[in-house]
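Each value in this text was obtained by applying a stated rule to the coordinates, not by laboratory testing. All values derive from a computational prediction rather than experimental measurement. As a convention, Cβ positions derive from the backbone with ideal geometry for all residues, glycine included, and neighbour counts pool all protein chains shown.
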Amino acid sequence: MAADIAELLATLIRDVPDYPQPGVLFKDITPLLADGAAFRAVVAALAAGSADVTKVAGIEARGFILAAPVACTLSAGFVPVRKQGKLPAQTFAESYELEYGTATLEVHTDAFSPEDRVLIVDDVLATGGTAAATANLIRRAGATVTGIVVLLELGFLDGRRKLTDLPVRSLVTV
Ligand code: AMP
């Protein structure tokens, strides 16, 4: 099963050089999303082992596409973690370093209850800053983060270094 998923990801995630800026090899998941059987298999693999979670947090924007079906699979709620200024009600905000500049993510202050056990889902784990900021937001909103699961991990960027307090699972590492 794991080997099948790794093969699907190797075949259906497209490398786009120099996007969005020179020197970045962008991992494009749109071919995977467009293949119904592969999309279904990948959602099942992301959800595996997380039957105990009550909410799934997806990171804007590609994380939403994966996290929402994972939440449905687990009969858990879905919570969007969005870029600054997009959520309509009161939010917590968390800023973090990008390679060039900073970014800010937000979550609604009432998105979670103290009993919530939350799985974070995204497409790619690179330097880990996005996932670490998301985990901080969820904790500030009063819930427990159970772990982070991504389709693809860029191992050479060592994003796990920023996430030592959490279980991190990736379906494939390059
Ligand atoms: P980071 O905070 O460095 O771990 O970056 C992770 C976020 O940026 C994720 O939400 C990814 O969607 C996106 N990202 C970073 N690097 C790439 C890449 N090479 N290809 C596709 N998405 C990426």
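Adding -39500 (n - 2.57) for every DSSP H run of four residues or longer, then dividing by how many residues the chain holds, sets the calculated 222 nm ellipticity at -8500 deg cm²/dmol. Note on Arg14 and Cys72: the extension gain reaches 18.2 nm, defined as 0.36 nm multiplied by sequence separation minus the Cα-Cα distance.
Among DSSP beta bridges lying fully in the chain, give the percent that are antiparallel, nearest 5. Can you show the working numbers first?
Values: 13 of 35 bridges.
Rounded to the nearest five, the antiparallel share is 35 percent.
List the GluC sites (Glu not before Pro) within segment 28-100 that fall in a DSSP loop (any state other than H, G, I, E or B) and whose Cβ has at most 11 other Cβ atoms within 10 Å.
Glu99
A Gaussian network model of the chain, with springs between Cα atoms under 10 Å, assigns the largest mean-square fluctuation among Leu74, Leu25, Leu33 to Leu25.
Could you work out which residue, out of Ile138, Ile29, Ile59, moves most in a Gaussian network model of the chain, that is, has the largest mean-square fluctuation with Cα springs under 10 Å? With Cα springs under 10 Å in the chain, the top fluctuation among Ile138, Ile29, Ile59 is at Ile29.
When a/c is below 1.5 the answer is rounded, else prolate if a/b is larger than b/c, else oblate, so apply that to segment 33-83 with a ≥ b ≥ c taken from the square roots of the Cα gyration tensor eigenvalues.
Cα axes put segment 33-83 in the oblate bin.
Contact order for segment 52-173, expressed relative to its length and based on alpha carbon pairs under 8 Å spaced 6+ residues apart, stands at 24 percent. Restricting segment 1-96 to trypsin sites (Lys or Arg not before Pro) that sit in a DSSP loop and have at most 14 other Cβ atoms within 10 Å of their own Cβ leaves Lys86. Measuring nothing but alpha carbons in the chain and taking Rh as the Kirkwood radius, the Rg to Rh ratio lands at 0.95. Couplings for segment 40-51, taken from phi via the Karplus curve 6.51 cos²θ - 1.76 cosθ + 1.60 with θ = phi - 60°, read 4, 5, 5, 4, 4, 5, 5, 7, 4, x, 10, 4 Hz in order; Gly and Pro are left as x.
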